[in-house]
Amino acid sequence: MMKKFYGLLSLIIMFNAVFLASIHIFRINRWWSLIDLFLLGAAAILIVRFFCTKCPVKKECAHVIPGWIARYFKNRQPTHYTRIERVITFFSMGIILLFPQYWLIKNIFTLACFWILTFIGFFLISKNICGCCDNLNCPLRRSEQK
């Protein structure tokens, strides 16, 4: 139960970081904010499609929401993630984290808030979820647990 609490909490914190960045971009340029929203949606779908759909424990997903969304995609065999699946997942995460940096760097407070929230979210995931995750194929799983 605590796994799901930390999973949801980390997603909420990271959503707030991304929402803060999107609002900041919107205040500067509305067209770029539309592109940002499109890229966020596309990246999130790609992560779920190429990573979460292959997870053998998606029905009990600690992050709850990605596991729930993954059920609507074609069910995939839970095997090791291929290089292309890892590249797509990490590239998508990179888009989410790096795209807003051009605008965030113009306001150091917003930039700091974005990265502090992001770090807290990743820390919660790393500390409270990765260590007890049952997805043996996950490339983010701690090596001593394999």
(message) Of Leu34, Phe90, Tyr72, which is farthest towards the positive pole of the chain's charge dipole, taken about the Cα centre with +1 and -1 on the beta-carbons of Lys, Arg and Asp, Glu respectively?
(response) Tyr72
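Would you work out the relative contact order for the chain, in percent, from Cα pairs under 8 angstrom that are 6 or more residues apart? Please list the in-between numbers first.
Working: 159 pairs, mean separation 53.2, N = 146.
RCO, the chain: 36 percent.
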(message) Quick one: 3J(HN,Hα) in Hz for region 54-71, Karplus 6.51/-1.76/1.60 with θ = phi - 60°, rounded, Gly and Pro as x.
(response) 8, 6, x, 10, 4, 6, 10, 3, 5, 7, 6, 5, x, x, 5, 5, 4, 5
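Past the 32 Å Cα-Cα mark, which pairs from Lys59/Lys127; Lys3/Lys74; Lys4/Lys74; Lys74/Lys127; Lys54/Lys106? Could the numbers behind the result be given before it?
Numbers: Lys59/Lys127 21 Å; Lys3/Lys74 26 Å; Lys4/Lys74 24 Å; Lys74/Lys127 30 Å; Lys54/Lys106 39 Å.
The pairs that break the limit, which is 32 Å between Cα atoms, are Lys54/Lys106.
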(request) Distance between Cα centroids, region 74-124 to region 19-69: provide it in whole Å. (result) 9
(request) Please say if the chain is rounded, prolate or oblate, where rounded means a/c under 1.5 for a ≥ b ≥ c the square roots of the C-alpha gyration tensor eigenvalues, and otherwise the choice is prolate for a/b larger than b/c and oblate otherwise? (result) prolate
(request) Based on other C-beta atoms within 10 Å, arrange Cys132, Cys55, Cys138 from fewest to most. (result) Cys132, Cys138, Cys55
(request) Pop the C-beta distance of Ile84 and Asp134 into the FRET formula with R0 = 35 Å and round what comes out to the nearest 0.05. (result) 0.90
(request) Calculate one ³J(HN,Hα) per residue across region 34-41 by plugging θ = phi - 60° into the Karplus curve 6.51 cos²θ - 1.76 cosθ + 1.60, and present them in order as whole Hz with x for glycine and proline. (result) 5, 5, 4, 5, 4, 5, 4, x
(request) Compute the signed sum of charges (Lys and Arg +1, Asp and Glu -1) over the other residues within less than 10 Å, Cβ to Cβ, of His24. (result) +1
(request) Using the Cα centre as the reference, give the magnitude of the dipole from point charges on the C-beta atoms of region 26-132 (Lys, Arg: +1; Asp, Glu: -1; all else neutral), rounded to the nearest 20 debye. (result) 260
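Read the figures in this text as sums done on the coordinates, not as results from a lab. Treat the numbers as computed from the prediction; the structure is a model and nothing was measured. Positions of Cβ are backbone-derived with ideal geometry, glycine not excepted, and every protein chain shown enters the neighbour counts.
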